[in-house]
Amino acid sequence: MTCLPRLAQADAAKENILVLGDSISAGYGFDPTLGWVTLLSKHVPDTYHVVNASVSGETSAGGLNRLPALLAEHQPSIVIIELGGNDGLRGYPVINLRKNLQALINLSIEAGAQPLLLGMKIPPNYGKRYTQAFADSYKQIAKTNDLPWVDFFLDNIATNSKLMQSDGIHPNADAQALIVQKVLPALTPLLN
């Protein structure tokens, strides 16, 4: 019989929260240890471990390709889905975004995890019709699946130049605690 060190036993007893996101969750442009995902880990009970599986440039399709292996490896009880922004910035069809988000949700539920969806909005470059359909996708998916979600987790951040990097797309380090405050009200009821 193998005895695990006390620390490893404690970690094994923790439930995982998996964050599947893009550059906004990966901490693009600053030290990732200052990012919202790391800060979030300080706000959840000690019985949880937050796993950041976010990758800069990730699309919903890329996240969908990676999710099965991540679910098998981390066996999370909660999956926070923060994807789609890169789909919108690249003008990908909204129908594909919806299909991918639904598939991410289905895989998470099948693995015994509760999904939490973080909604995104994009700049109006592709016109009002596309921009609105993109934003509405998150609400529709959340409603259809009766899921907890955050409408636009960069609300009042994306329009404040003091909280954004010079590219106008990525929040800066000062915005990270505010993002946590947007996510926590939706996450807290899911915690045991």
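The values are calculated or read from the model by the stated rules, or taken from the named source; none is laboratory data. The structure displayed is predicted, hence computed values, not measured ones. Please note: Cβ atoms are built from the backbone with ideal geometry, for glycine as well, and neighbour counts cover all protein chains shown. Note: accessible area is taken over every heavy atom of the protein model, side chains too, but ligands, DNA and RNA are not part of it. Shrake-Rupley method; radii C 1.70, N 1.55, O 1.52, S 1.80 Å.
Across the stretch 29-63, the number of residues qualifying as part of a helix (DSSP H, G or I), open to solvent by 20 Å² or more (accessible area, probe 1.4 Å), out of contact with any strand residue (DSSP E or B) (no Cβ under 9 Å at 6 or more places or on another chain) and over 18 Å from residue 154 (Cβ atoms) comes to 2.
Tell me whether the stretch 160-179 contains one or more residues that are within 18 Å of residue 105 (Cβ to Cβ) and under 19 Å from the mean Cα position of the chain (by Cα). No; the residues of the stretch 160-179 include none that is within 18 Å of residue 105 (Cβ to Cβ) and under 19 Å from the mean Cα position of the chain (by Cα).
Would the stretch 110-122 turn up any residue that is small (Gly, Ala, Ser), out of contact with any Cys (no Cβ under 9 Å at 6 or more places or on another chain), open to solvent by 30 Å² or more (accessible area, probe 1.4 Å) and touching a residue at least 24 places away in the same chain (Cβ under 8 Å)? Can you show your working first?
Step one: list which residues in the stretch 110-122 are small (Gly, Ala, Ser), which gives 111-113, 119.
From the residues that got through so far, the ones that are out of contact with any Cys (no Cβ under 9 Å at 6 or more places or on another chain) too are 111-113, 119.
Now restrict to residues that are open to solvent by 30 Å² or more (accessible area, probe 1.4 Å): 111-112.
Those left that are additionally touching a residue at least 24 places away in the same chain (Cβ under 8 Å): 111-112.
Yes, because at least one residue in the stretch 110-122 is small (Gly, Ala, Ser), out of contact with any Cys (no Cβ under 9 Å at 6 or more places or on another chain), open to solvent by 30 Å² or more (accessible area, probe 1.4 Å) and touching a residue at least 24 places away in the same chain (Cβ under 8 Å).
Filtered by the rule that a residue be surrounded by fewer than 24 Cβ atoms within 10 Å (Cβ to Cβ) and among the aliphatic types (A, V, I, L, M), the stretch 68-95 gives 69, 70, 71, 72, 78, 89, 94, 95. Does residue 73 satisfy the condition of being at pLDDT 95 or above, more than 25 Å from residue 176 (Cα to Cα) and either touching a Ser or Thr at 6+ places or on another chain (Cβ under 9 Å) or charged (D, E, K, R) (or both)? So residue 73 fits the description; yes.
Has the stretch 57-77 got any residue that is touching a Gly at 6+ places or on another chain (Cβ under 8 Å) and in contact (Cβ under 8 Å) with a residue 60 or more places away in the chain? There is at least one residue in the stretch 57-77 that is touching a Gly at 6+ places or on another chain (Cβ under 8 Å) and in contact (Cβ under 8 Å) with a residue 60 or more places away in the chain. Could you tell me whether the stretch 51-67 includes any residue that is modelled with pLDDT of 95 or more and within 17 Å of residue 190 (Cα to Cα)? Yes, the stretch 51-67 contains at least one residue that is modelled with pLDDT of 95 or more and within 17 Å of residue 190 (Cα to Cα).
Take residue 138 and tell me if it is buried (at least 19 other Cβ atoms within 10 Å of the Cβ) and of a type in the set (Phe, Trp, Tyr). It is true that residue 138 is buried (at least 19 other Cβ atoms within 10 Å of the Cβ) and of a type in the set (Phe, Trp, Tyr). Only helices (runs of 4 or more DSSP H) whose full extent lies in the stretch 79-192 are considered here, and the ones with at least 2 residues that are in contact with a helix residue (DSSP H, G or I) (Cβ under 7 Å, 6 or more places away or on another chain), modelled with pLDDT of 95 or more and hydroxyl-bearing (Ser, Thr, Tyr) are 128-145.
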